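Worksheet: one structure, shown below.
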Amino acid sequence: MSRSNPPPPRVIDAQFTAGASRVEQLPPPQHLEVAFAGRSNVGKSSLMNSLLQRRKLVRTSSTPGCTRQVSLFDVTTRLGSRLTFVDLPGYGYAKRSKDERKEWIELIHGYLLQRPALALLVALVDVRRGIQEEDEQLLDLIRQSRSRAPVEIIWVATKLDELSGSERKLALVKLKEQTQRPWVGFSIELPETHEILWRQILKRLEIDQPPAPKPPESDGTAPEGTAPEPEGTAP
Ligand code: GDP
């Protein structure tokens, strides 16, 4: 991707619409919902602000526990689609009491199991730490749930810039081997990873998709626009 020719913004509008510490207090869903989950400090707020191209719309949790609610953000994409980004409270913060951690988990679980508009979960894991027990528990819950329709999941390894260029691809491949799932790498410092994640989100939601390429000519050459898999993915 050329630096002199950045991609046009993905988002034309993004606004906070509601926050609640109990799922029942949330307003009824307006659009398809994309929820972001991960341990405290994984980089969730920074990632959401990067995707929304806003500096401080999603509050960062530099004060541990300050985002102990589910927050909804209405998003309008460049092509006019509407969706809702959902900020789930970060889990696993060691200094919190057992009761507080239980409350958090219940809130996250409540949202994941009770919200019918939830279409996609973006599960965040620090690329240097890999998947930990609480990440697995969360995903098991949603995979095994019979109370709702299956939810698409995108696995994202955050803070990719903390690794050197050669370590990045290796780390993503290792995560893929360990988990048998595809991974997307992300960093607030690497704008190309923002575009890759946006494309994945829109593809999974089946919105704002580019028109299907024309069938190739019969001379056997690859269709125009066919590109190799970009860096930052381990599909
Ligand atoms: P949250 O608790 O998951 O919402 O995490 P934050 O977005 O508040 O980020 C936690 C810390 O990680 C902050 O100090 C951020 O500046 C830092 N951080 C977030 N994203 C990145 C990233 O992509 N790369 C690096 N190096 N640091 C990041």
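The values are calculated or read from the model by the stated rules, or taken from the named source; none is laboratory data. This structure is a prediction, so every number in the text was calculated from the model and none was measured. So basically every Cβ, Gly included, is an ideal-geometry build from the backbone, and we count neighbours across all protein chains shown. Surface accessibility is based on the protein's heavy atoms, side chains included, excluding ligands, DNA and RNA. Shrake-Rupley method; radii C 1.70, N 1.55, O 1.52, S 1.80 Å.
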- Could you grab me the full set of residues in segment 172-187 that are within 16 Å of the ligand (Cβ to nearest atom) and over 18 Å from Gln200 (Cβ atoms)? none
- Item | Number of the condition not met by Thr158 [criteria: (1) farther than 18 Å from Arg39 by Cβ; (2) within 12 Å of the ligand (Cβ to nearest atom); (3) of a type outside the set (Lys, Arg)] | (1)
- Over segment 1-20, the set of residues assigned to a loop (DSSP other than H, G, I, E, B) and either at pLDDT below 90 or exposed (fewer than 13 other Cβ atoms within 10 Å of the Cβ) (or both) is Met1, Ser2, Arg3, Ser4, Asn5, Pro6, Pro7, Pro8, Pro9
- Item | segment 25-48, subset open to solvent by 10 Å² or more (accessible area, probe 1.4 Å) and under 15 Å from Ala117 (Cβ atoms), residue nearest to the ligand (Cβ to nearest atom) | Leu26
- Task: Scan (1) under 23 Å from His109 (Cβ atoms); (2) within 16 Å of the ligand (Cβ to nearest atom); (3) assigned to a helix (DSSP H, G or I) for the single condition Leu51 breaks and write down its number.
- Result: (1)
- Taking segment 102-113, which residues are open to solvent by 10 Å² or more (accessible area, probe 1.4 Å) and touching a Phe, Trp or Tyr at 6+ places or on another chain (Cβ under 9 Å)? Ile105
- Task: Find all pairs meeting these conditions: Cβ atoms under 6 angstrom apart; at least six residues apart or on different chains; first residue within segment 45-58 and closer than 16 Å to Leu83 by Cα and at pLDDT 95 or above; second residue among the aromatic types (Phe, Trp, Tyr) and within 12 Å of the ligand (Cβ to nearest atom).
- Result: Met48/Phe36
